[in-house]
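Enquirer: I am attaching a structure below and will ask some questions about it afterwards.
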Amino acid sequence: MMSLPFKKGVQKSKSLLAILEGSHDPKDEQIVDSFRQLLFFEGQLLGKNSDYHTLLRFLRMRDYDLTIAKNMYLNYLKWREEFHVDEISEELNFEEFNEVKRCYPHGFHGVDRYGRPVYIERIGRVNQNRLLEVTTSERFVKYHVSEQEKTMNWRYPACSLAAKKHIASTVSILDVKDVGMSNFSKPARHLFLEILKIDSHYYPETLHRLFIINAGSGFKVLWKAIRAFLDQRTLAKIQVLGSNYTKTLLEVIDPSNLPTFLGGDCTCSDYGGCLFSDKGPWNDPSITIILQAMIEAEKENGDEEKNGFAPTDAFGGITPDIVHIKDVYDATPSRDDTFGQPFLQKILTLQSVVDDTKAKIQALEAALKETKSVIEGLGQPMEELKKQIIVSKRRS
Ligand SMILES: [Zn+2]
């Protein structure tokens with residue numbers, strides 16, 4: 001019934017969308033098109049997990065072999081449905097989060113020098129008995145999947161907006177100090193292999209580089225076993241380092257984004273340590289407010305298309321419509337029910353939407369004030385957003 005003005009403004013900001021989408025290589029584009037046709041002729045409906053970058057990841061993973069990539073991709077869709085991935089992301093209430101973090105130190109922490117998220121795991125410090133006391137394997141796998149989804153749908157887009165370029169992969173650091181075969185009981189081994197399988201089969205090509213650090217003789221035995229589960233493309237991205245790893249990490253990551261325990265400057269003392277903070281552009285209000293507006297705009301667009309009235313002005317003329325004229329007429333009392341129930345209902349509904357709009361605009365304004373430097377960096381798209389807010393303020 002109503003269109004939030006700044007959402008339309010976001011839709012018109014082509015450059016923001018272009019940042020998220022990144023540039024397409026014409027050769028890749030061609031093969032993705034062929035892939036789409038193949039899937040279409042197989043009767044596969046191409047829905048929300050069939051965007052260009054997802055399809056390309058499955059193609060790359062299998063060296064552009066259409067048939068093998070198709071099988072992997074169809075398996076992925078089947079898994080999403082059977083494992084209820086969308087529901088997990090929305091519904092999982094992982095109350096044991098802090099407990100799990102304590103006995104399994106891991107987390108995202110800042111970005112590398114290019115702008116990719118950095119993920120750190122101190123696997124030698126995993127207390128596996130405690131881990132399976134505070135949670136179950138099943139819940140832990142669900143938590144892992146929800147984090148993967150968050151990375152795909154939230155962390156990568158946020159990093160892209162912050163770095164002003166398309167970002168869709170992670171730099172990982174795996175600290176294997178004190179790791180050996182004896183660290184892993186059968187249930188723990190099973191759990192980690194399950195996670196390895198999910199990552200490699202269903203989230204392919206999201207690893208940019210993996211630094212394994214503090215690799216000792218104990219780990220090397222385990223590494224032989226793990227290698228067997230990894231494909232050549234993944235192995236090529238992995239660098240195994242001993243205890244002299246700091247210089248290599250600092251080449252890739254600024255000290256401000258590297259915890260002190262890895263040779264950087266960061267302690268995140270306000271958050272109880274770096275692995276608890278989840279610091280990064282995905283938690284920066286100046287970035288997330290824009291991202292949220294873009295996601296809502298996209299969702300609204302999808303809903304409108306589903307309802308059969310796709311907006312024709314998404315990238316068209318300047319029509320910052322706050323209330324469609326029809327809605328105003330609908331809210332006008334007819335002679336029969338002046339101040340009757342339906343009219344009051346409509347006014348109340350309208351009022352609540354207006355209040356919601358105002359609250360969102362106020363939140364956006366507050367974020368804009370706080371983050372002038374970021375706004376200047378983002379340039380033109382933010383100017384458009386501000387114009388939309390000014391127009392909407394005049395009207396309210
Ligand atoms: Zn930190």
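Enquirer: Show the residue pairs that are 6+ apart or on different chains and have beta-carbon atoms under 6 Å apart, the first residue being within the range 108-134 and touching a residue at least 24 places away in the same chain (Cβ under 8 Å), the second being in a strand (DSSP E or B) and charged (D, E, K, R).
Expert: Matching pairs, first to second residue: ARG122/ASP175.
Enquirer: Do you know which residues across the range 237-292 are more than 9 Å from the ligand (Cβ to nearest atom), among the hydroxyl-bearing types (Ser, Thr, Tyr) and crowded, with 17+ Cβ neighbours inside 10 Å?
Expert: TYR245, SER286, THR288
Enquirer: Next up: Need the failing condition index for GLU82 against (1) at pLDDT below 95; (2) within 23 Å of GLU149 (Cα to Cα), just the number.
Expert: (1)
Enquirer: Tally time: how many residues in the range 73-123 are loosely packed, with under 13 Cβ neighbours inside 10 Å, acidic (Asp, Glu) and farther than 22 Å from TYR271 by Cα?
Expert: Residues in the range 73-123 being loosely packed, with under 13 Cβ neighbours inside 10 Å, acidic (Asp, Glu) and farther than 22 Å from TYR271 by Cα: 5 in total.
Enquirer: Could you say which residue among LEU131, LEU92, LEU74 is within 17 Å of the chain's Cα centre (by Cα) and modelled with pLDDT of 90 or more? Give the derivation first.
Expert: Numbers: LEU131 fails: within 17 Å of the chain's Cα centre (by Cα); LEU74 fails: within 17 Å of the chain's Cα centre (by Cα).
It is LEU92.
Enquirer: Quick test of your reading of the structure: LEU191 fulfils all but one of (1) over 30 Å from SER50 (Cα atoms); (2) surrounded by 14 or more Cβ atoms within 10 Å (Cβ to Cβ); (3) more than 23 Å from the chain's Cα centre (by Cα). Name the failing condition by number.
Expert: (1)
Enquirer: Residues of the range 56-70 being surrounded by 13 or more Cβ atoms within 10 Å (Cβ to Cβ), in a helix (DSSP H, G or I) and over 17 Å from the mean Cα position of the chain (by Cα), which ones?
Expert: The answer is LEU56, PHE58, LEU59, ARG60, MET61, LEU66, ILE68, ALA69, LYS70.
Enquirer: For residues that are in contact (Cβ under 8 Å) with a residue 24 or more places away in the chain and not in a helix (DSSP H, G or I), scanning just the range 90-107, find the one that is nearest to the ligand (Cβ to nearest atom).
Expert: Going through the qualifying residues, I end up with GLY107.
Enquirer: Scan ILE167, ILE173 and give me the residue that is closer than 20 Å to ASP199 by Cα, in contact with a Cys (Cβ under 7 Å, 6 or more places away or on another chain) and either surrounded by 21 or more Cβ atoms within 10 Å (Cβ to Cβ) or of a type in the set (S, T, N, Q) (or both).
Expert: ILE167
The values are calculated or read from the model by the stated rules, or taken from the named source; none is laboratory data. Source: prediction; values computed, not measured. Here Cβ is always computed from backbone atoms with ideal geometry, including for glycine, and neighbour counts include all displayed protein chains.
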